[in-house]
Every structure is written in structure tokens, then in C-alpha cells.
Amino acid sequence: MQESFRKLGYSEGIASAIINTILFGLKIWVGIKASSIAMTADAWHTLSDTLTSLVVILGFWISGRPKDEEHPFGHGRAEVIAAVVIATLLAVVGASFFRDSIRQLIERKNAAFSTLSLIIFSISVLVKEALARFSLWAGKKTQSQSLVADGWHHRSDALASLMIVVGAVVGKYVWWIDGVLGIGVSALILYAAYDIAKSAFNALMGESAGAFLSGEIRRIAAETSPQLKDIHHIHVHRYGDHLEITLHARMNGETNIQDAHNLSSSLERELKKELNADTTVHIEPEKHA
């Protein structure tokens, strides 16, 4: 991974950890004072953001290590594993507060929201949405799944806080609003965990090259080594921002070995230059009718 990308990942993780720790302290304080399960759940959700930001930092540190004998393709997938850890933490938090919200409804408990709590949670909405946008931008720029996961984690927290602010305004009219909001917050957390885990597991299990990447590989082949025809059987393995590609190509069966080697090597160099991919090209003779 490029050094500038690592620095961006570290910056997001450190800023997120500091801001979320401060927000957690404020939220848990007003949540306990209001006896609000929704506010308390959101506070712990915010603290889990701090933990996931530390996971992001660790993931970027590990993924930035060079390849070695035990890891010949580098450590890029550590960043994807970090996303799995984030999803797991989210799922635990979501399930726990879903249970507590149901209990709140069964016991018919209500919450006493204060003006201060509304101010703190309104500030949290703005701050967390700003963090979400920064994380999603950084994740797109660095192609980092853990940063994108952290961004959605921030956004789910912002939405949860917004739900609580809206609910607090009408809370004095309906006793059950706090329990229902707690369920809503839990649902947001659980959905974010599912979405993050799905993307991360797909990357770990191996995905198809996709139409766009396959098209780019064929375009580069046509421009670099036009004698290589019918590019097919494309397999791609991702290791962070590094790709390992294998593909089959056909050419005139009477071409000598040296020329075939030169053509495939030329294509491999160009794919390395444009896609940061280490490629293996398997040559096959052209089919004749």
C-alpha cells in the first residue's frame, strides 16, 4: 500500500478514536441521567466506533508490511480482516441493545429527556456525519474496505442519534418511544454489521474479476500485445490494493517460444504499471475451424 494511503488511514483512525471517546463520555453521562436505553445504547455504539477505529489503525499497520516467506503476496488482506472484526463488534453491540430495548418495553419504562441531552445528541449527529463522509471519501480514495466500513459505522451512529433527537421531542407524549427507538438503533447497527461482513467475506472468499476490470485487462492486452487474442479464463485475487491476475490468451500456434514469451512479458509489465497487478499469462494456440 502506498505510504500516502497509509497515512490517510492512520489519520482517519486516530481522529475517529479521539472524537468518539469524547462523544461516548458525553452521551453515557446524559443517557444515565435520563434513564434512557436508547441514549445509553447509542453511547456504547459510539464507544464501539472507537474500538473499530483502533482496528482500522492496526489493519493499516499490518497491511503496510512488506511480503515475506510466510506471506508471499503481502499482508494486504489484513485490512479486509479488520473489516470483519468491525462487523463482529457491531453485531454484538446491536444484538445486546435489541434485547435491552425489548426489556424496556416489557417493563413499560420511559425516559426523561433533558434539553442538554438534546443538544449533545444534535451535535453528535453533525460530528458523526462529518466523520462518515471523511471515512467514506478516504476509503474510496485508498480502496480500503475497513475505512468504508468505519464510515458506515459512523453514519449508522449519526442516524441513530438523529432518531433519538426526534424521539426525545415527542417522548413526553408517548411512554414507549424510548424502547422503540432502542429497537430502531439496534436494527441500524445490525444492518451495518451485515453489510460490512458481506463485502469483507466476498473479498476473502474470492470474487469474479467483474465486467469493468475484465474490460480493462482486455483493453490493455489489445493495446500492448495485439497478437494475443481471445483473452479468457481471467482470475483475480485481491490483497489490499495489490492484485494477482491469471489469464489465458490465444495466439498463432506457429509462433516461436521466444516471441510468445516476449508478448506475454510485455502484457504482464503493462498490467503491473496500470493496475498494480502481478500477472501470469498462459498461452494457447489459436483454434482453427
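The values are calculated or read from the model by the stated rules, or taken from the named source; none is laboratory data. Bear in mind that the values here come from a model prediction, so they are computed numbers and not experimental data. We place every Cβ from the backbone using ideal geometry, glycine too, and count neighbours over all the protein chains shown.
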**Asked** Which one is farthest from LYS141 (Cα to Cα) among residues in the range 238-258 that are in contact with a Gly (Cβ under 7 Å, 6 or more places away or on another chain) and not in a strand (DSSP E or B)?
**Response** GLY240
**Fill in**
Inside the range 70-128, the number of residues satisfying the requirement of being in a loop (DSSP other than H, G, I, E, B), under 24 Å from GLY25 (Cβ atoms) and either at pLDDT 75 or above or of a type in the set (S, T, N, Q) (or both) is 1
**Item:** Leading residue by the ranking (nearest to SER53 (Cα to Cα)) among those in the range 140-189 that are among the hydroxyl-bearing types (Ser, Thr, Tyr) and assigned to a loop (DSSP other than H, G, I, E, B)
**Value:** SER144
**Message:** What pairs come out if I take residues in the range 81-96 that are assigned by TED's automatic domain parsing to the domain that holds ASP195 and pair them with residues that are among the charged types (D, E, K, R) whose C-beta lies under 7 Å away, six or more apart or interchain?
**Reply:** ILE86/ASP150
**Asked** Which is within 30 Å of PHE201 (Cβ to Cβ) and either outside the structural domain of ALA83 (by TED's automatic domain parsing) or not in a helix (DSSP H, G or I) (or both), of HIS261, HIS235?
**Response** HIS235
**Message:** If I ask for residues that are without any contact (Cβ under 8 Å) to a residue 40 or more places away in the chain, surrounded by 15 or more Cβ atoms within 10 Å (Cβ to Cβ) and among the hydrophobic types (A, V, I, L, M, F, W, C), which ones from the range 97-136 would you list?
**Reply:** ALA132, LEU136
**Message:** Go through the range 233-268 and report how many residues are within 31 Å of the chain's Cα centre (by Cα) and either touching a residue at least 60 places away in the same chain (Cβ under 8 Å) or surrounded by 13 or more Cβ atoms within 10 Å (Cβ to Cβ) (or both).
**Reply:** 15
**Message:** On the basis of being touching a Ser or Thr at 6+ places or on another chain (Cβ under 9 Å), assigned by TED's automatic domain parsing to the domain that holds ILE14, of a type in the set (Val, Ile, Thr) and at pLDDT 75 or above, does ILE183 make the cut?
**Reply:** yes
